[in-house]
Amino acid sequence: MYMQAFSEALGLLFTWQVLISLAIGTVGGLVGGALPGTGLAGLFVLIGFAYTLDPLVAIPMAIGFIVPVATTDAIPAVILGVPGSASTQAVIMDGYPLARRGEAAWALASAYWSSIFGGMVGVLTLLLAIPFARSIINLMGSPELLVIGLLGIGIVGLVSSGDSLRGLIAGALGMLVAMVGSDPIIGSTRLELGTIYLLGGIGIIPFTLGLFALPELATLVGRGRSIAETGAAAGVEFRSGRSEVFRALRTVIENRWLVARSAAVGALIGVMPGVGLSVIDWLTYGLAKSTVKDPEMFGKGDIRGIIAPSSADNATLSAALVPTLALAIPGGLTMAIFLGFMTIVGIQPGPTMLTDNLSLIYLIILCVFIANTFAGGTALLLSSQIANLTRLRPATLFPPVMAILTLAAIQASSSSYDLLVFLAFGILGGVMVKTGWPRVPMIIGFVLAPIIERYYWLTVQAYGWSFMRRPAVIIIVIIGFGTAILLMRVTAKAKSFAGGSTGATEDSPLGPSENSNRE
Amino acid sequence: MHTRENWSLRYRARYPRALNWTVVSALVGLLIACAFMYAYVDAQTLRRDAGVFPQFVSLLGLGLFSIYLSSLFIKWCRGTGVSTVAEEDDDVDGLGVLRAYAITASLFLGTWLVGFHLAVPLFVVLYLRRYAKVRYRTLAPTFIGFVALITIVYGNFMATRWPQSVLEDRFMARPLQRTLMPLFQPLLDVWGL
């Protein structure tokens, strides 16, 4: 069964539409990763086309956008001392000092090689986890899936940046927003505020774009300068060459156990929902520093300070697909948007995907592998050219991106009210960013609410409230609470390595945690 | 080193007590709590199957908000300092952020007034001219390019149904899409599309 699904996936992969879509997406992701603030913009733009694209085109393209961001986001971190995404904060610690010593090419090439190998570990995790997840899910009924869904939102809310209470409130708010319109069981209208527009509910596209894309773009405009101007780039020479590529490969091979360890940690934690990339970034950096024999140079230009987080990030990204595809529980912002994207395209992630769409899952795994390898290879060859993208100014980026997002917002319902929703949630998103309210639990609550409500109705109809006494439900609740406690401790540990500021699940691409608190 | 003044930092330096982000955070929470309360009340009027879940989520949200408010109050009473919000990012000009929002709102208003085919390309070229100082010889093809993108890709290939603008409703016999498409049809004919 698995071999058959895998060979079907291989057959699908080697079609021109899948390969071209994957290539387009990967190029977009390479560009997005190098430009802080635009890493997910490509995915947002793609959402606008999702209604008209064939799933076999849309999904490889989306994977292509997502995966390379974790590779090229090291560029601004190393060359300019500006994190390309939330997952490269730790890379700056040693990457930027190395760059100032004229070792930028070596540092970046090491990051790329680590990303390639780390990504392979993530893909392997994904491959091994799918049959395992399938066996477990076949034993589950609607009560178990209901509890898993609720716990998923709860865990994400608990470990979110800001604080746990606000994360949980945001998750509940997201669920409430999803309930506007009509209920999925009998179709009666609710919370529509007496308007015809809201009878159809709030669209995922204007909601997501407003809550995330608009505040990020507005902040980009607020910076007013290109990333190259923002970073203290004076005196940093950057020339890439083949000798540095091979030197970096030797370095990564010499530190192969560190790469493997970091990737394993990234994959293990990435499988759990709710943990942000910046947490894993700092955690693996801190673990590397505390486990090597000679940590004196960490923070001053030790190549291992780049290798560890870089390999972990790519492993995490792949591993995060496990709960997203198997349980429809996204692990963070990127996966939440990908989950919504799949729903728009007509693919319902979750348990049914494991039983009815196994070949598609293997296709996704193959796309991740190819995108990761292709992205790393391209970055190795074209590092200088990609680095030049950091010279683009926000004033040049903002209008075309905003234009495309505006066009994307109305694709679902073709109503001008979609733009009103876009703006309203954009303002809410901006206020939430400024006041430290986490947004990721909100979008996860929004995406999961219809699924959870359906499972709730099925459960109560079939079992009444006695479902809470089912042994599997009790076990899942215990595991869920245990996972939440473990993740909160992991997050605290990562914060201690980082000196107090991480964005636990807020995949903020613009810099150090935008939601970190201070007294 | 950046030289642009940060408007919000100057404001806070001048009026240090004027804005407490903790209070703003609590107000945001209050706004959210109002949404939960409305949802709970509205759900009471619904049929049982439709109303149970909104009631559950609303009560959960209200309960969590009460705990949050209590925790803020306790910290304030103890004088331990309430965790404030996002770090002030010296590199971000608050005025620039507000301007971005205002311009976005203007763009959306423009789409309602004159339609997407005109408002979006106009927005792009006007913004590029004003803030990126792009030359006119680059702006002209940019404008045409965006009109083509909207008309051909979105309007034709993706068959987007455009909301009717005030301009189309009051002053035009045909929608903008049908007016502009013939201009680009020869281009599509050349490519056999």
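Every number here is computed from the coordinates shown, using simple stated rules; none is lab data. Please read these numbers as outputs of a predicted model, since none were measured by experiment. Cβ sites come from the backbone with ideal geometry, for glycine too, and all protein chains shown count toward neighbours.
Across region A:89-99, computed HN-Hα scalar couplings (Karplus, 6.51 cos²θ - 1.76 cosθ + 1.60, θ = phi - 60°) run 5, 6, 4, 4, 3, 10, x, 5, x, 5, 5 Hz from first to last residue, x flagging Gly and Pro. In order along region A:418-425, the phi-based Karplus estimate (6.51 cos²θ - 1.76 cosθ + 1.60, θ = phi - 60°) of 3J(HN,Hα) comes to 4, 5, 5, 5, 4, 5, 4, 6 Hz; Gly and Pro are listed as x.
Is region A:267-332 best put as rounded, prolate or oblate by its Cα gyration tensor, with a ≥ b ≥ c the root eigenvalues, rounded for a/c under 1.5, and otherwise prolate when a/b is larger than b/c, oblate when not? Cα axes put region A:267-332 in the prolate bin. Based on the Cβ-Cβ distance of A:Ser7 and A:Glu192, what FRET efficiency does E = 1/(1 + (r/R0)^6) give at R0 = 45 Å, to the nearest 0.05? Taking R0 as 45 Å, the efficiency between A:Ser7 and A:Glu192 is 0.40. A simple spin-label model places the labels of B:Trp191 and A:Arg256 4.9 nm from each other, with each point 7 Å out along Cα-to-Cβ. Taking θ as phi - 60° and the Karplus parameters 6.51, -1.76 and 1.60, the scalar couplings of region A:60-65 work out to x, 5, 5, 4, x, 5 Hz in sequence order, x denoting glycine and proline.
What the Cβ-Cβ distance of B:Ala102 and A:Arg247 gives, at R0 = 51 Å and to the nearest 0.05, is a FRET efficiency of 0.50.
Rounded to 0.05, the FRET efficiency of the B:Val166 and A:Leu382 pair, given R0 = 51 Å and the Cβ-Cβ distance, is 0.60.
So which of A:Lys289/A:Lys434; A:Lys300/A:Lys495; A:Lys300/A:Lys434; A:Lys434/B:Lys75 end up more than 23 Å apart by C-alpha?
Checking Cα-Cα distances, A:Lys289/A:Lys434; A:Lys300/A:Lys434 exceed 23 Å.
Based on C-alpha pairs under 8 angstrom that are at least 6 apart in sequence, chain A has a relative contact order of 31 percent.
The simple spin-label model puts a point 7 Å past each Cα toward its Cβ; for B:Arg48 and B:Arg130 those points are separated by 5.8 nm. Shape class for the protein assembly as shown, computed from the alpha carbon gyration tensor (a ≥ b ≥ c): rounded, with a/c under 1.5.
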